[in-house]
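K.L.:
After the structure tokens below, expect a handful of questions from me.
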Amino acid sequence: MDRISLVFRVEKTIHLSNSEERLYISPPLVVSFNTQLINQVNFRLPRLENEREANHF
């Protein structure tokens, strides 16, 4: 079995309610999957446009 583990973090500039911006940096995230029968993996992350969405993530 071919198992891959990947550690990553998300960095994105988000918009605050007072027209300011700040850099959001997620904690380290770990994904692990079996690649035996696949040759491509896609990740779909939620929207991170504002402080509320960043806090929810």
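Where a number appears in this text, it was derived from the coordinates with a stated rule and is not lab data. What you are looking at is a predicted structure, and each value in this text was computed from that prediction instead of being measured. Positions of Cβ are backbone-derived with ideal geometry, glycine not excepted, and every protein chain shown enters the neighbour counts.
K.L.:
State whether the residues of segment 2-22 include one that is assigned to a loop (DSSP other than H, G, I, E, B), at positive phi and either touching a residue at least 40 places away in the same chain (Cβ under 8 Å) or among the polar types (S, T, N, Q) (or both).
P.N.:
Narrowing segment 2-22 to residues assigned to a loop (DSSP other than H, G, I, E, B): 2, 9-10, 16-20.
Now narrow it down to the ones that are at positive phi: 19.
Filter once more, keeping what is either touching a residue at least 40 places away in the same chain (Cβ under 8 Å) or among the polar types (S, T, N, Q) (or both): 19.
Yes: segment 2-22 contains one or more residues that are assigned to a loop (DSSP other than H, G, I, E, B), at positive phi and either touching a residue at least 40 places away in the same chain (Cβ under 8 Å) or among the polar types (S, T, N, Q) (or both).
K.L.:
State all residues of segment 26-57 that are part of a strand (DSSP E or B) and either on the phi > 0 side of the Ramachandran plot or surrounded by 10 or more Cβ atoms within 10 Å (Cβ to Cβ) (or both); if no residue qualifies, say none.
P.N.:
In the first step, residues of segment 26-57 are kept if they are part of a strand (DSSP E or B); the result is 29-34, 50.
Once the filter is applied, which keeps residues that are part of a strand (DSSP E or B) and either on the phi > 0 side of the Ramachandran plot or surrounded by 10 or more Cβ atoms within 10 Å (Cβ to Cβ) (or both), segment 26-57 yields L29, V31, F33, N34, N50.
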